[in-house]
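Please read the structure below before turning to the comments.
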Amino acid sequence: MYDRHHHNVMTEIDQHRKGSLKQCQERNRMFFGKGVMTSVKFLARRGLPFFGNSFGDGMLPDLLHFIGKEYEPIIQKHLSFNKKDKHLVRAMHSKDINFVLNRFVTQVLEVQFEKLERCKYICIIADEWSDSVPQEYCSVSARYVMDDLEVGTSFLGYVRLANTRAAVVTTAIVEAFRPGHIQLNLRKKVIAQTYDGAINMQGHLAGVQQLIRRDTAPYGVPIHCNNHVVQLSVKANNKGHNLITRITDNCLIIVKVIKYSPKRSEMLKKVQNEIQDSVTVPKNYYTTLRSKIIDFCVTRWTVRAKSLDRILKNYVALVTLFTNIMSDQRERLALNQEKNREITGLIKYLQKYEFFFGMKLCIRLYATVDSISTKLQGNNVDISVAIHYVKKLVQELEDKRDKFEDFWIEVNKERNDVNNIVSLNTSLNNNSLYDGIEEPQCPRSSIQVVRDATGSNDDAAKAYWKELYLEGFRTILEDLKGRLNSPQLQLCAEIEELLLNGIVSPNAELNTKIIKRDYTAKNGDKDAPLQVKSLDSENLKLELSYLKDAWEESNKTKPETFQQISDMMKKSFKDKKPLRVWKIYAPTILTLVQIIRATAGTSAFAERTFSLARRLKNWNRLSMDDTLFNSLGLMAWYKDDLDEILNLVSVGNEYIDDCKNEIRAIKIWG
C-alpha cells in the first residue's frame, strides 16, 4: 500500500542531501580555485618549494593555512579535514600539485610556440649548465622576428643531458622545440644558431651546429657568441709568461689570502679603520678605504676591472696587513708553510714597480672590455649590434694604446702619492719589511740594448715599460681582429655592406657570394629563405633603388649602420609604406633585414637562465626531479606574464575530469 507521508519524507531527505551535496561541491571548487591553484601559481612564479620533509609541512600548506585563517574560513575548514565530513577536500598531495603545475607549464609553452609559429625566422640559442652534483643540463631558447621586424626571445626550458656529446645535445635541442603535439617547421624557420665556442657545439664536422644543419635546419648558420669571442681574446692575453699573467696570478693569490680567511678579512677591516684615522692627508683614490676585496677571475665577464680596482684602492691597507702578520711571531707561526711563503712573496712583489704599473695597465684594459661586455649582454642584441660593439672595442683599445705618454705620467704621479701616504703611516714607516714602491727601472738583461737605442737610463726604463704596455694591447687586438674575420661574421658584414651601398653608393659592385652560399635554395628547396633568382643583379638593383627612395623620404643624412636602416623600415610600416608594399617591391631586402634581426649576437640570454637555475636548484634541492625543475624554471621566467597566460578555470575543469576517472580524496565536484 502506497504511503504518501513516507514518500514526502524521503523526498525532503533527498532534496536536503542534494542541497548539502551542492554546497559541498561549491566549497570544493572554491578551495581548489582560490586556495590551491592560486597558491601554486604564487609559489611557482618565485621558484619556491611546495612541501617539506613530511606531509602537511612546507610552504604550500603554510600558505593555505594563512589564507584560510586571514581571508577564507572555508579553506581553513577544508584543511581541518576529518573522517566525518567525507566530501571535504584535504590538502593537496604532490601528485595533484604536479598535475596543476604541468597544466600551467603547458599553457605557458602554448603561448610561446604560438609566437614561434607566427614568426618569420628563428635563431636557436643554447648553452650547457651543470648543477652542484654535477648534473648537466641544456638551456634552450629561441630568438624570433615577425614579418614587421618585431623581435622577441622565448625561453623553452631546461633539458637534462646524459653527457655533453654533440649528438646528445642536438637531441635535447630538437626535443625542446617539439613538446607534445606542437610541431614547428624548423627547416623553414631556423636561419641561425648561436652557441659558445665549445668544440661539441661549434665543431664543423660533428658539432651540434653541423648535426642540426644536416638533419633538421639546413639554413641554420652557426654564430659564435660575440661575448665569448671577447672573453677568449682576453684569455689570450693571459697565456705565456708576460706582465698581464704575472699581475692576474698575484691578484688571485691576494684574493684567496683575504677572502678565504674570515680572520684576515676582519684584520683587514681593522687596518683600514686605523689608516683612515691616522693618515691626515686629504682623501683621495688611495685613502678612500672601506672597499671590500671581491673575488677575481680572469674568465668573469664584467667584474675583472672592479676586482683589480678594489685591490689597488686597498694597497696601503694590504701592505700594512701583510707586514703586520709577518712581523708578529705568533701570527707568523700560526700560518702553514705555503701561506707563509705566499704572504712573504706578496710583500716583496707589492713593492715592485712592475706590480703598480701592471695593475694600472690591467685596469685600463679590463675596464674597456668589461664596459663592452656589459652592453653585449643586453636584451635586444642582434648580430649586427654585437659586431658593432666588438668593432667599437677594437677602436677604443687602439685609442688607449696610442696614449702611453698620458698613462706614464699618471702612473708615476700616483706612485709618488702612494709613497707619500705610506710615509705618514707609522706602522709601515717603521717596518723593515717595506721600503715603498721602487723607481721605474729597466732589467739588467735588457738595459744595454735599450740604452744603446735611447741614450740614457731614464729613457731606457721608459722605453722598456712602453714595450710592455704595447704588448698588453697587441695580443688582445690581434686576436679580436682575427675573430672578426670569421666566415659567420663576414656573412653579416656582407648583408650590411649590400644595404648601405644601396643607399650611399648605388653604383657599387653587388657582392652576394656568402649570402648565396648560406641562404639560397639547394636542389630546388622551397623552404630556403632566398631563391637564386632573387639575388640577380637586376632584381637587387631595383629593390635597392626602392630602399634608397624610402630612406630619402624620411632622412636627409646618409645611414651609417644597419640598425638605422632597420629602424627606418620598421617605422615605414606604420606610415607611408606598409609591410605588404615592401613584400611586393623589395622582398629580398626585407628578408635580409629579417635574417639579421633574428640572428642573436650573443648567447647571453642562455646565461641569464643559468642565474635562475642556480637559484632553483641549490644544495638544499638537489633531489628535485627534472620535470619539476623545468616547470619551476618556466614559471619563474615568465612570472610577469602568468596573470595573462594562465586560465585557471580550464585547469580546474581538466583536474575535475581527471579525478572522475580515478579513486582519489576528491570525488564530488558537480
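One table, with the values for the structure above:
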item: Distance (nanometres) between label positions extended 7 Å along Cα→Cβ at residue 328 and residue 611; result: 3.9 nm
item: Rounded FRET efficiency, nearest 0.05, which uses the C-beta distance separating residue 490 from residue 205 and R0 of 25 Å; result: 0.75
item: Cα-centred dipole magnitude for the range 98-142, charges only on beta-carbon of K, R (+1) and D, E (-1), debye, nearest 20; result: 320 debye
item: Alpha-carbon centroid distance for the pair the range 376-403 / the range 510-566, whole angstrom; result: 25 Å
item: Solvent-accessible area of residue 409 with every protein chain in place, 1.4 Å probe, in Å² to the nearest 10; result: 110 Å²
item: Cross-link table 263/617; 263/339; 189/375; 392/571; 339/413, entries beyond 22 Å C-alpha to C-alpha; result: 263/617; 189/375; 392/571; 339/413
item: Calculated FRET value between residue 160 and residue 581, using beta carbons and R₀ = 41 Å, to 0.05; result: 0.30
item: Magnitude of the charge dipole, the range 489-552, Cβ model with Lys/Arg +1 and Asp/Glu -1, debye to 20; result: 260 debye
item: Residues with amide H under 5 Å from that of residue 140, placed H, sequence gap 5 or more; result: 156, 157, 159
item: Of 531, 475, 521, farthest towards positive along the dipole that unit charges on Lys, Arg, Asp, Glu beta carbons give the range 472-562; result: 475
item: Gain on full stretching of the segment that runs from residue 338 to residue 404 - 0.36 nm per residue minus C-alpha separation; result: 19.9 nm
item: Rounded FRET efficiency, nearest 0.05, which uses the C-beta distance separating residue 375 from residue 148 and R0 of 30 Å; result: 0.70
item: Restricting the range 523-583 to trypsin sites (Lys or Arg not before Pro) in coil, as DSSP defines it, with at most 13 other Cβ within 10 Å; result: 526, 556, 574, 576
item: Under-5 Å amide H pairs with residue 599, H placed in peptide plane, nonlocal only; result: 383
item: Nitroxide proxy distance, nm - points 7 Å out along Cα→Cβ at residue 623 and residue 133; result: 1.3 nm
item: Radius ratio Rg over Rh of the range 208-248, counting only Cα atoms, Kirkwood formula for Rh; result: 1.32
item: Segments 402-408, 389-395 sorted - mean Cβ within 10 Å per residue, highest first; result: 389-395, 402-408
item: Full-stretch length increase - residue 645, residue 507 - with 0.36 nm per residue and alpha-carbon distance subtracted; result: 44.6 nm
item: Length gained when the stretch residue 538-residue 574 is fully extended (0.36 nm per residue, less Cα-Cα span); result: 10.1 nm
item: Lys, Arg +1 and Asp, Glu -1 on Cβ, resulting dipole of the range 141-219 about Cα centre, debye, nearest 20; result: 300 debye
item: Distant-in-sequence amide H partners of residue 221 (H built 1.01 Å from N, under 5 Å); result: 192, 193
item: Estimated distance in nm for a label pair at residue 517 and residue 561, the labels positioned 7 Å out from Cα along Cα-to-Cβ; result: 2.7 nm
item: Ordering of 131-144, 599-612 by packing [mean C-beta count within 10 Å, highest first]; result: 599-612, 131-144
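The values are calculated or read from the model by the stated rules, or taken from the named source; none is laboratory data. It should be emphasised that the depicted structure is a prediction, and the values quoted were computed from it without experimental measurement. Heads up, the Cβs are rebuilt from the backbone with ideal geometry, glycines too, and the neighbour counts pull from every protein chain shown. Please note that ligands, DNA and RNA were not included when accessible areas were found on the heavy atoms of the full protein model with its side chains. Shrake-Rupley method; radii C 1.70, N 1.55, O 1.52, S 1.80 Å.
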